[in-house]
Amino acid sequence: ELSLLRFLSAELTRGYFLEHNEAKYTERRERVYTCMRIPRELEKLMVFGIFLCLDAFLYVFTLLPLRVFLALFRLFTLPCYGLRDRRLLQPAQVCDILKGVILVICYFMMHYVDYSMMYHLIRGQSVIKLYIIYNMLEVADRLFSSFGQDILDALYWTATEPKERKRAHIGVIPHFFMAVLYVFLHAILIMVQATTLNVAFNSHNKSLLTIMMSNNFVEIKGSVFKKFEKNNLFQMSNSDIKERFTNYVLLLIVCLRNMEQFSWNPDHLWVLFPDVCMVIASETAVDIVKHAFITKFNDITADVYSEYRASLAFDLVSSRQKNAYTDYSDSVARRMGFIPLPLAVLLIRVVTSSVKVQGILSYACVILFYFGLISLKVLNSIVLLGKSCQYVKEAKMEEKLFSPPPASTPGKPPHKSQNKCKSSQEETLSASATSQPVHPKENVIPLLVTSSSDQFLTTPDGDEKDITQESSELKHRSSKKDLLEVDRFTICGNRID
């Protein structure tokens, strides 16, 4: 018989068994464990990527001037040794000279930009207007970075490609002026961005700085509810690495300008320290929350960040090979969208205007500081190279290091000598580029997947690392897709395929 007492008794004594749905609850527990692992795995990738950007950034100040000096020395002493080769300079030396000339020209052009007038002009604007300006500058910086490396690559290739007629060398001139204009405009853009951040630091109630930091949390809303594949997450990770390193350099510029205004009083540095920590902490918190929920909503494991780290390490190791076809700093620019030339021009401009060098002792300190930078660059490169070799070995990507770079260009048929090997590997390559078998055969060398737009280096083909080596155990993870090549337009947004 139905009664209220029996209903209450059934509600109080009703039981259930979670083990009846073991797979569901196991999956939920794994999601919690994945979210707990994300901060550690993400920060390991971020630290490695930031040191890669630092290596490419220090290269502009340390080894690039020495390489330019050696290239010019070879050019001026060439008549003494005679022309044994058709080329006056090697392609790498030509690119080094072009980078050095662009750097010097843009540095002198930046002297016509008054930082103080720009600071007072921005400071006179309202808080809301400055907030809008800062957002516009972020968008413009991404657009400039996405197109800037194309301009530089076009200049390098135009200057070094084999030419049948001497008249063809004239084409380098418009590309050179276009590259100088790009670096100059991008440096001004970053200067305005640094000036806006400086105004936020010096505001009395810190309202502008608070609004700018809260803008980072808006990024979570625009990212976590989108569908992400593994390649799209790799694009976002590279963009976050570039953004975090650029913010560090902007904070350095802000501290230099503020310390100059207070006559290098060390007490003022402790006044800036809480604001600097707030900016860095907000960036780190936003990245952790964003990646944690993206991996949760898209069922991506935390082990994917080790694959991303191995892919970045492969770029560094391959740039040291004899068959390398690009400089490492350019490889970082293509992969992450980080172009060091405009940022280096701005930093040199700020340092030379903030620090006055007078007397023999001051010049001696500058020389010692330069040798210190070289030592830091060499030490950083050695440590990164050792770590990269370790990551490449763990990812079993050694075989790809000896793969020759493809020689065909987009829109043109490959060489006749390549048709023989292409016919035997065409089916395998197409299968590797589109899909992955669940159980790949043993002793099969993974092929290097290349795109028709540009040649990048990728992570190895194949399945994810097995939890155990015994085939009798059940595998709950599905086979992963290839980490295909990532284009340089990653910083323009998160492209959803």
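Where in the stretch 327-354 does the label zone of A140 land, with the point 7 angstrom along Cα→C-beta and an amide N cut-off under 15 Å? It comes to no residues whatsoever. Distance between the pseudo-spin-label points of F147 and V351 (7 Å out from Cα toward the beta carbon): 3.0 nm.
Electrostatic tally near T246: other residues with Cβ closer than 13 Å to its Cβ, Lys and Arg +1, Asp and Glu -1, net -2. Would you please classify the overall shape of the stretch 203-338 from the alpha carbon gyration tensor, given that a ≥ b ≥ c denote the square roots of the eigenvalues, rounded means a/c under 1.5, and beyond that prolate means a/b larger than b/c while oblate covers the rest? Note, shape of the stretch 203-338 comes out oblate. Sorting I360, I102 by solvent-accessible area of protein heavy atoms yields I360, I102, largest first, with a 1.4 Å probe. Each other residue within a Cβ distance under 10 Å of E41 adds +1 if Lys or Arg and -1 if Asp or Glu, for a net charge of +2.
Couplings 3J(HN,Hα) of the stretch 372-382, computed from phi: x, 5, 4, 4, 4, 5, 5, 4, 5, 5, 5 Hz, in residue order, whole Hz [Karplus 6.51 cos²θ - 1.76 cosθ + 1.60, θ = phi - 60°; x for Gly and Pro].
The lysine pair tally for the stretch 224-383, using Cα distances under 15 Å and a gap of 8 or more places or different chains, is 6.
Here the stretch 246-262 and the stretch 298-355 have alpha carbon centers that stand 23 Å from each other. For the pair I211 and K322, a Förster radius of 56 Å applied to the C-beta separation gives a FRET efficiency near 0.60, rounded to the nearest 0.05.
Mind checking the full-extension length gain between I367 and L121? Use 0.36 nm per residue of separation minus the Cα-Cα distance, one decimal, nm.
Values: separation 246, 0.36 × 246 = 88.56 nm, distance 3.62 nm.
Going from the current span to full extension adds 84.9 nm.
For the stretch 261-373, the relative contact order works out to 8 percent when only alpha carbon pairs closer than 8 Å and six or more residues apart are counted. Summary of the geometry: the stretch 31-76 and the stretch 102-140, compared by the centres of their Cα atoms, lie 26 Å apart. If the segment from V218 to L385 were pulled out straight at 0.36 nm per residue, it would be longer than the present Cα-Cα gap by 56.4 nm.
The values are calculated or read from the model by the stated rules, or taken from the named source; none is laboratory data. Because the structure is predicted, anything quoted here is derived from the model rather than measured. Note: ideal-geometry Cβ built from the backbone for every residue, glycine included; neighbour counts use all protein chains shown. These accessible areas exclude ligands, DNA and RNA; they are computed on the full protein's heavy atoms, side chains included. Shrake-Rupley method; radii C 1.70, N 1.55, O 1.52, S 1.80 Å.
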